[in-house]
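The values are calculated or read from the model by the stated rules, or taken from the named source; none is laboratory data. This structure is a prediction, so every number in the text was calculated from the model and none was measured. Cβ atoms come from the backbone with ideal geometry, glycine included; neighbour counts cover every protein chain shown.
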Number of protein chains: 2
Amino acid sequence: MKSHTLLMPLDMHLHLRDGVMLETVAPLTSYSFSGAVVMPNLVPPVTTKEDVIAYKKRINAALGRVEEADDVLMVDDFFEPYMTLFYQHYDREFLEDVVDDIAAVKLYPAGITTNSEGGVDSFDLETMRPTLEAMSDLNIPLCVHGESDGFVMDREAEFMSVYEMLASNFPKLKVIMEHITTKEAAAMLDRYPNLYATITVHHLLITLDDVAGGMLQPHLFCKPIAKRPKDRAALLDLALNAHPKVMFGSDSAPHPQHAKEACGCAAGVFTAPIALQLLCELFDANDKLDNLQNFVSDNAQSIYGICPEFKEVVLVESPFEVPEHYGSVVPMYAGETIAWSISNVE
Amino acid sequence: MKSHTLLMPLDMHLHLRDGVMLETVAPLTSYSFSGAVVMPNLVPPVTTKEDVIAYKKRINAALGRVEEADDVLMVDDFFEPYMTLFYQHYDREFLEDVVDDIAAVKLYPAGITTNSEGGVDSFDLETMRPTLEAMSDLNIPLCVHGESDGFVMDREAEFMSVYEMLASNFPKLKVIMEHITTKEAAAMLDRYPNLYATITVHHLLITLDDVAGGMLQPHLFCKPIAKRPKDRAALLDLALNAHPKVMFGSDSAPHPQHAKEACGCAAGVFTAPIALQLLCELFDANDKLDNLQNFVSDNAQSIYGICPEFKEVVLVESPFEVPEHYGSVVPMYAGETIAWSISNVE
C-alpha cells in the first residue's frame, strides 16, 4: 500500500469558533496537524491580550476534554494554536505587550465575510501607518482577507492594489494574502518580496462550476467564492510546486447544517478532518508528493519563524469514507469516499 | 394612487409542472395572465400529441378546481395554456398532425437544466434538418434553452454559435432565445431577422451578487445563472425599451422548499404570482411604464401570431407583502414587501 509521511503539518488559516462548535472541531485539526493559525473573527472579535489568552485557554480546554473521549483517536497530543488578533488600529505599546502571545494580526475589510463587521472601512495609508509600522518593527505578520466590495467574481482581483499599497509602503512587514483564489493573486506573489499567500485545499479542487454549475451546493459555498478553471490552474501551479512563499491554510470554516442548507446560507467549507488526505491524493495524482512537505509545513515554518514539536503523520492510499456529519457540521465530500486515509502508526 | 392597466398580459415561458404542484401554481399565473407558453419538461417529457392534449386537460382541470376555491381571486377566468413539445427529431407527418395543438417546440441540450436528460446531445445540422425544415414550413417556433456545457458563467455566450447556425440555416424558422442573461445574447438579437428572445423578471433585477455575493440564496439560483451587472444592463436596455423582438417570459419554476434549501439545490426562481407587480415597479422606476404593454403582451402576440381573448389587469402602486409560501413553494422575495399590487377592478 502506498504511504506518505508528513512531519509537523501546519494549517496556517483555521476557524475554530467557540463553545460547542470549538469542542467539536478543535480535535479534528489537532488529530492530524501540529498547529494552526487560529482566526480571530469570533463574536465579539479577539482584540485584546486578555481575549487572546482566554481564547487559547478555551481551545486547549476543548482539546484536553476530548483527549479522554473514546471516539477520537489522537495521533499525538501535541497541538499548538497560533493565536491572532482581529486587526484594529492598535498602538505600539499594545502590540509590544501582546507580541509574544500572537502569531499574526488578521485584517478584514468590514462586512466582507463571516463575523467581519468590525473590520476596516477604508484602506487609508496614514490611518494604518502607526499600527503597520509597529507590526513591521515587531515582526508580526499581517494576514489579509483580500476582497473588495465589488462584483463577487472580481473582488479578489480588485483588491490587488491594496496588497501593492501595503507591500510597497511597509517593505519589512510580512503581508500574507489569505486563501487566494485567482490568477491575479498568484501573479502578485513574486512582485514584492514581502508578499506571501495561503491556499486552501478546496480552492485547489473546485471552481464555481462545482458550487453553482449543476445543483447549487451550499457546502461548497465560501468566501472568496471559487473562481474559474484558469484561476484554479494558477493555484495548482503554486501549490504543487510548493512555491516557497505559499503555505497551506485550510480556511476550514464550520457552520451548523441548518445555517448552510437554508434560505441564506453562511459562507464556509469544512475540510479540517480531510484536508491532509485530499492533499495527498491531489499531490500524488500530479506526481508531486515530494513537494507536499514544503507546502503543508516547511514553507510556513520559514515564513512565520516557528518550530513545532516533532510529530509524524502517516498517510496511506486506502479509502476513507467521509462522515455525513461531525457533530452539527457537514464536511466537504460528506458521505463520499476519498482515496487516502490517515494511518496513525508511529 | 398611481395605477397602470395591462391588456392580455402573456408569460411566454412558464413551468407549471404536474400533479399537486400544477394545482398549486397554475391559478397563480391564470389570475393575472391571459396565457402562458407552458414548458414540456415533465418526467417523462411531453413528446406526443396525446401527451400535449392530456397535459392541457390537466392544466385546465387544475384551473377549474381552483376557480371554486375561496382563497384565490380570479381577475378573469379566461386563461390559455399555449402548449409545447419537448424537442426530438420529429418527422413532418407527426408535426403536421400536432401543429394545431402546440404553440412551439422547446429544445434543451441534454442534461443542461431540470428534467432535460432527454434533450439534444449534439447540434448536428443534418440530423436536425428534417425536423427544423418541417417546423419552418409549418411556422412552428423553436424555443431554445441556449447553454453549452462549459464553465457556468460562459455557457450562454458559448452557445451563440448554435443560435447562428440555426438562424442562418433556417431563415424562416422563428428561433427564440429563451431567458437570455448576457450582453452576448442581447447583441445577437439584431444579427438575424428570425431570432427572438424572452427575458425573465428576475434576470432584470438580480446578478450573481444577489445569488452568491452575500449569503448564498438558493431561491435566486436558476439556470441560466444570473450574470454580471453589465449583462443585466443589456437586458434592461432591451426590456425597458420593449425591443420588438423581445417578450416577457417568467421562467417561473416552482420546486418544493425542501428541494431548494438543501445540500444540492434545484435550479429555478418562482415568480409567477409577483411578476407583473415587479415589472410595473421596475418600468415605473425607469419612467418606461408606457413600454410595458409591448414587453408583456403585444410583442408576443405579433411574434407568435396569437390573439388572446380580452382581459384587463389593473396594477396599483400599493404595497404587497409577498407570502412566505405558496403551498410548498417559496417565491422570490418571500416575506418582503414590493411596491405594486394587482387590483382586480374591471
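Condition check ((1) closer than 15 Å to A:ALA212 by Cα; (2) at pLDDT below 95) across all residues:
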| position | (1), (2) |
| --- | --- |
| B:VAL201 | no, no |
| B:PHE221 | yes, no |
| B:ARG232 | no, no |
| B:LEU238 | no, no |
| B:GLY264 | yes, yes |
| B:PRO273 | no, no |
| B:LEU289 | no, no |
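If you go through the stretch A:81-111 and keep only what is in a loop (DSSP other than H, G, I, E, B) and at pLDDT 95 or above, you end up with A:TYR87, A:GLN88, A:HIS89, A:TYR90, A:ASP91, A:ILE102, A:ALA103, A:TYR108.
Among the residues of the stretch A:134-161 satisfying the criterion of being touching a Gly at 6+ places or on another chain (Cβ under 7 Å) and assigned to a helix (DSSP H, G or I), which is farthest from A:SER116 (Cα to Cα)?
Filtering the stretch A:134-161 for residues touching a Gly at 6+ places or on another chain (Cβ under 7 Å) gives A:152, A:156, A:158-159.
Keeping just the survivors that are assigned to a helix (DSSP H, G or I) gives A:156, A:158.
Values: A:GLU156: 16, A:GLU158: 19 Å.
Filtering the stretch A:134-161 for residues that are touching a Gly at 6+ places or on another chain (Cβ under 7 Å) and assigned to a helix (DSSP H, G or I), the one farthest from A:SER116 (Cα to Cα) comes out as A:GLU158.
Filtering the stretch B:7-52 to residues that are hydroxyl-bearing (Ser, Thr, Tyr) and in contact with a helix residue (DSSP H, G or I) (Cβ under 9 Å, 6 or more places away or on another chain) leaves B:THR24, B:THR29, B:SER30, B:TYR31, B:SER32, B:SER34, B:THR48. Counting only residues that are among the aromatic types (Phe, Trp, Tyr) and either over 18 Å from the mean Cα position of the chain (by Cα) or more than 14 Å from A:LEU6 (Cβ to Cβ) (or both), the stretch A:239-295 holds 2 of them.
Could you tell me whether B:VAL322 is over 16 Å from B:LEU235 (Cα atoms) and either basic (Lys, Arg) or touching a strand residue (DSSP E or B) at 6+ places or on another chain (Cβ under 9 Å) (or both)? For B:VAL322, the condition - over 16 Å from B:LEU235 (Cα atoms) and either basic (Lys, Arg) or touching a strand residue (DSSP E or B) at 6+ places or on another chain (Cβ under 9 Å) (or both) - is met. Name the single residue that is farthest from the other protein chains (Cβ to nearest Cβ) among those in the stretch A:189-220 being crowded, with 24+ Cβ neighbours inside 10 Å and part of a loop (DSSP other than H, G, I, E, B). Of everything passing the filter in the stretch A:189-220, A:VAL201 is farthest from the other protein chains (Cβ to nearest Cβ). Scan the stretch A:167-188 and give yes if some residue there is part of a loop (DSSP other than H, G, I, E, B), among the acidic types (Asp, Glu) and within 14 Å of chain B (Cβ to nearest Cβ), otherwise no. No: the stretch A:167-188 contains no residue that is part of a loop (DSSP other than H, G, I, E, B), among the acidic types (Asp, Glu) and within 14 Å of chain B (Cβ to nearest Cβ).
Find the residue count for the stretch A:56-80, including only residues that are at pLDDT 60 or above, among the charged types (D, E, K, R) and either surrounded by 12 or more Cβ atoms within 10 Å (Cβ to Cβ) or not in a helix (DSSP H, G or I) (or both). Matching residues across the stretch A:56-80 total 4.
Output the residues belonging to the stretch A:130-152 that are buried (at least 23 other Cβ atoms within 10 Å of the Cβ) and within 14 Å of chain B (Cβ to nearest Cβ). Passing the criteria: only A:GLU147.
Entry remark, the stretch B:117-129: residues being in a loop (DSSP other than H, G, I, E, B) and surrounded by fewer than 20 Cβ atoms within 10 Å (Cβ to Cβ) number 6 in total. For the structure I just gave you, tell me whether A:THR181 is under 17 Å from the mean Cα position of the chain (by Cα), at pLDDT 95 or above and of a type in the set (Ser, Thr, Tyr). Taking the combined requirement at face value, the residue satisfies it.
The residue that is surrounded by the most Cβ atoms within 10 Å (Cβ to Cβ), counting only those in the stretch A:326-346 that are more than 12 Å from every other protein chain (Cβ to nearest Cβ) and among the aliphatic types (A, V, I, L, M), is A:VAL329.
Restricting the stretch B:253-302 to residues that are surrounded by fewer than 22 Cβ atoms within 10 Å (Cβ to Cβ), in contact (Cβ under 8 Å) with a residue 60 or more places away in the chain and polar (S, T, N, Q), the residue that is nearest to the other protein chains (Cβ to nearest Cβ) is B:GLN257. Here is the figure for the stretch B:225-252: residues that are within 12 Å of chain A (Cβ to nearest Cβ), over 27 Å from B:VAL38 (Cβ atoms) and among the aliphatic types (A, V, I, L, M) total 0. When restricted to residues that are within 26 Å of B:ALA262 (Cβ to Cβ) and away from chain B (no Cβ under 14 Å), the stretch A:307-322 contains 2.
Filter the stretch A:221-236 down to the residues that are assigned to a helix (DSSP H, G or I) and touching a His at 6+ places or on another chain (Cβ under 8 Å), then identify the one that is surrounded by the most Cβ atoms within 10 Å (Cβ to Cβ).
Among those that are assigned to a helix (DSSP H, G or I) and touching a His at 6+ places or on another chain (Cβ under 8 Å), it is A:LEU235.
Just to be sure before I move on: is B:MET128 touching a residue at least 24 places away in the same chain (Cβ under 8 Å), closer than 17 Å to B:PRO109 by Cβ and among the hydrophobic types (A, V, I, L, M, F, W, C) in the structure I sent? So B:MET128 fits the description; yes. Given the criteria touching a Cys at 6+ places or on another chain (Cβ under 9 Å), away from chain A (no Cβ under 14 Å) and either modelled with pLDDT of 95 or more or under 21 Å from B:LEU236 (Cα atoms) (or both), does B:VAL162 qualify? Considered against the rule, which asks whether it is touching a Cys at 6+ places or on another chain (Cβ under 9 Å), away from chain A (no Cβ under 14 Å) and either modelled with pLDDT of 95 or more or under 21 Å from B:LEU236 (Cα atoms) (or both), B:VAL162 comes out as no.
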